[in-house]
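J.: Pasting in a structure now, in structure tokens, and then I'll have a few things to ask.
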Amino acid sequence: MNPLALVCIPIVVGLSLAIPRLRAHAARALVGTALLLSTLALAQVLLPAPELSLSGYARLDATSRLFLALINPIFLGISAYVASRVAATPALHRDLWRFVALALCFIGAANAAVLGNHLLVQWMALEVTTLVAAPLIVRPGEGRSRLASWHYLLFSSVGLALVLLGFSCLSRAMQAAGHEPTLFLDRLPAFAAVSASPWGEPGLALVILGLGTKLGLAPMYTWLPEAYAEAPPAVTALLGAVQFNAALVVLLRVIAVYRPGNAGLITAELMLMGLASMVVSAISIIATRNMKRLIAYAAINHAGVIAIGLAVGKGTTYGVLLYVISNAFIKAILFLTAGKIKAHYRTEDTREISGLIKDLPYSGVFLLVGTLALLGFPPFGSFFGELSILSALVSSGHLFVFAAFCVLITTTFIATGRTFFPMVWGMPKQVHVWQKQTFLTASPKIFFLVVLVILGLYIPPALSGLLEQVAASLEAEGS
Amino acid sequence: MSPLLIALLGALLIPLFVGTWRTSLLGLSAQGLLMAALAHRAAPLLATAHDWIALVDLGLIRGLAMPLALYVVQKARGARARNDVIPPNLFFWTLALGMGLAAFNFSEHLVSEPGEPQTLVAVAVAGILLGFLVLSGSSEPFSQMVGVLRIENSIVLLELSDQDHSAIGLELAMLAIFVATLGFFCWYLATLKEPAEPSLESAPDSSSL
């Protein structure tokens, strides 16, 4: 099937919910579409077709295959979580169709960003994910969530405006060098050396800064903890595990095109943003007592690690990609689990939550394993990713960055562990009578957990081959 | 320096020193209409679909519909007349003027030959920098929206001097995205200070999805 179905099907199904009599089937439409999308996305990996160029504006290569196969199953897990929540709490059914319509448009646009072969198409797809995610962040009756949603839209608009400005500058750099300007990714490598024109380097720097804003990297990261903390858990998981990766694909495309001619600029900017993100996240993790905010700051920390890994380039990319994959599952598990914990304890204050393993065994295990993966324990992908980045930092002579990375990772490790482990192992502070957790409601998180653990122990050859191809494209000549 | 660009620079600077929201909207409207005049001057025959899209985008949407929509929302929510998009003090005023000068210096680096293209780039860069100044100095949603819209208008101005055009479909899609963004801005402006709505969260085992 044409991979553009991954874009069209969810958008058509989402828009069809505008018809009132179809709204009653919203939950089934969500899970059914997500299941179809996952099957299609995995088929692109397991049954590899030759590289396709879809009308020139889309392409199916190793990078798009990898990320389609990552974000669509995660979307399926989130959809199953939402369906199980609605089944357990009929009151949520009333506004479900609105969530489903927006979420399906969101995944369609995210798939478009991944499949895009034109920078402007990818930019528009990211903008659409932002516009449909903004109202999803708003929780009825909670003014703070509306403000968080506004800040999310504001920062995203500014970040994407910077990206657009960067594209405009890069276009002028091509014109100044006497070339016909283009934003088609497969034609761009011929004009990758941007330093010949005064427009080139500022343009490239703006594109990276703007995409960094979408990824939650410093300096423009403040929207992230606020939006992640205030949004409903399913929406936070969508933002952290799906939108993050869609934006990352655009950054990977830019790096693949421009690194050979501009390695110095890309390395310096990504390393600076990565280190700054790790610093602010480490300080904030120490200071916060809010469970969801803590996970959000850890997400900023992870974005910083990924930025540093991409900055180093050669030798780290495979590890960074592994880190990205495990990071997506970790965020999905932790944010969905945080939602469950908050719904039961009616608080997000980590000091008020204790003895989870006795109180909520499923959530206790999810939080425990998710935290271990978050902290980079073996055998998870995050461990191998961090190890490969540390090794590459030493071999490439970035010793100051290596030292700073070690200090910041250790600080984050201690600060996160001292908050989360007592929540899991401590004595329950109050006697609660809980509605029993069923296997069905826990199954989406079990799915994420199983994938996370399996990927830590064994990488299937199809996936490993894909990772190698993506790494090779990012480490092409000159990087 | 052409009169249109002088007027555009005025439309960028004056609303910073006159602290009312109506002046801010007037400034945005003037930016859109002046950019439409610049686009029309470059292609007076309106011979291509691109020329028409540019005219609709700049004149109709940015020059008229956008300020009007924000005006209606501001009126409906009973916004106070006074609204400083930057803090009204000498420091910020000096910064604003300094940014204008810096933009003109920077444009000499970007476009080596003096003339209208260089001035257009200078005005566009000034607009982007002043947009960031507005964003950095304001915490009110309305002022933040004005800051973002100033930046977006200035990027469009920069693209006006670019002879290369995207495919019509892409231009229409970008226009649609801008209109949708504007719709969201109006929605936030209208609802950010609303009283709490009834919640789904009274259900025992639920906060939300």
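The values are calculated or read from the model by the stated rules, or taken from the named source; none is laboratory data. Note that the coordinates shown come from a computational prediction; the quantities given were computed from them, not determined experimentally. Cβ coordinates were reconstructed from backbone atoms using ideal geometry, including for glycine residues, and neighbour counts include every protein chain displayed. The accessibility values were calculated without ligands, DNA or RNA, using every heavy atom of the protein model including side chains. Shrake-Rupley method; radii C 1.70, N 1.55, O 1.52, S 1.80 Å.
J.: Between A:A268 and A:V407, 0.36 nm times their residue separation minus their Cα-Cα distance comes to what? Could the numbers behind the result be given before it?
T.: Values: separation 139, 0.36 × 139 = 50.04 nm, distance 1.98 nm.
Stretched fully, the A:A268-A:V407 segment lengthens by 48.1 nm.
J.: Let me ask another. Return one whole number: the accessible area per residue of region B:3-193 in Å², for a 1.4 Å probe. The partial results should precede the final answer.
T.: On the way: 8230 Å² over 191 residues.
On a per-residue basis, 43 Å².
J.: While we're here: Just to confirm the number: angle between the C-alpha axis of helix A:26-46 and the first principal axis of chain A, 0 to 90 degrees, nearest 10?
T.: Approximately 40 degrees, to the nearest 10.
J.: Same structure, new question: With every protein chain kept in the model, how would you rank B:C186, A:C8 by accessible area, 1.4 Å probe, largest at the top? Don't skip to the answer; put the middle values down first.
T.: Details: B:C186 20, A:C8 75 Å².
Largest to smallest exposure gives the sequence A:C8, B:C186.
J.: With a cut-off of at most 16 other beta carbons within 10 Å, and DSSP calling the residue loop, which trypsin sites (Lys or Arg not before Pro) in region A:325-369 qualify? Please list them. Intermediate values should be presented prior to the final figure.
T.: Details: sites: A:K331, A:K340, A:K342, A:R346, A:R351, A:K358; in loops: A:R346.
Within region A:325-369, the qualifying trypsin sites (Lys or Arg not before Pro) (loop, at most 16 other Cβ atoms within 10 Å) are A:R346.
J.: Taking every eigenvalue of the Cα gyration tensor of chain A, multiplying by 5 and rooting it, what semi-axes result, largest first, whole Å?
T.: Ellipsoid half-lengths, sorted descending, are 34, 27, 20 Å.
J.: Below 24 Å, Cα to Cα, which lysines can B:K75 reach? Residues fewer than 8 away in the same chain don't count.
T.: Partners within reach: B:K193.
J.: Still on this structure, please answer the following. So how far, in whole Å, is the C-alpha centre of region A:347-371 from the one of region A:67-92?
T.: Cα centroid of region A:347-371 versus Cα centroid of region A:67-92: 21 Å apart.
J.: Right, something else. For region B:54-102, state which trypsin sites (Lys or Arg not before Pro) are in a DSSP loop and have at most 10 other beta carbons lying within 10 Å of their beta carbon. Intermediate values should be presented prior to the final figure.
T.: Values: sites: B:R62, B:K75, B:R77, B:R80, B:R82; in loops: B:R77, B:R80.
Qualifying residues, ordered by number: B:R80.
J.: Using a 1.4 Å probe, how large is the accessible area of B:T94, given in Å² and rounded to the nearest 10?
T.: About 80 Å², rounded to the nearest 10.
J.: Hey, what angle do you get for helix A:200-215 against the long axis of chain A, alpha-carbon based, 0 to 90 degrees rounded to 10?
T.: Long axis of A:200-215 versus the principal axis of chain A: about 10 degrees.
J.: Between A:A87 and A:H179, how many nm apart are label points set 7 Å from Cα along the C-beta direction?
T.: Roughly 5.3 nm, to one decimal.
J.: Along the charge dipole of region B:3-193, pointing to its positive end and built from +1/-1 on Cβ of Lys, Arg, Asp and Glu, which listed residue (B:M66, B:T48, B:L189) has its Cα farthest out?
T.: Comparing the listed Cα positions along the dipole, B:L189 ranks first.
J.: Of the GluC sites (Glu not before Pro) in region B:135-184, which ones lie in a loop per DSSP and count no more than 14 other C-beta atoms within 10 Å?
T.: Qualifying residues, ordered by number: none.
J.: Still on this model: What total accessible surface area, summed over both chains, is buried at the interface between chains B and A, computed with a 1.4 Å probe and given in Å² to the nearest 100?
T.: When B and A are taken together, about 4600 Å² of accessible area is lost.
J.: Please determine, in degrees from 0 to 90 and to the nearest 10, the orientation of helix A:461-474 with respect to the longest principal axis defined by the Cα atoms of chain A, where the helix direction is its Cα long axis.
T.: So the inclination is approximately 40 degrees.
J.: Can you put A:E201, A:E386 in order of accessible area, largest first, using a 1.4 Å probe? Don't skip to the answer; put the middle values down first.
T.: Values: A:E201 85, A:E386 20 Å².
These residues rank, largest area first, as A:E201, A:E386.
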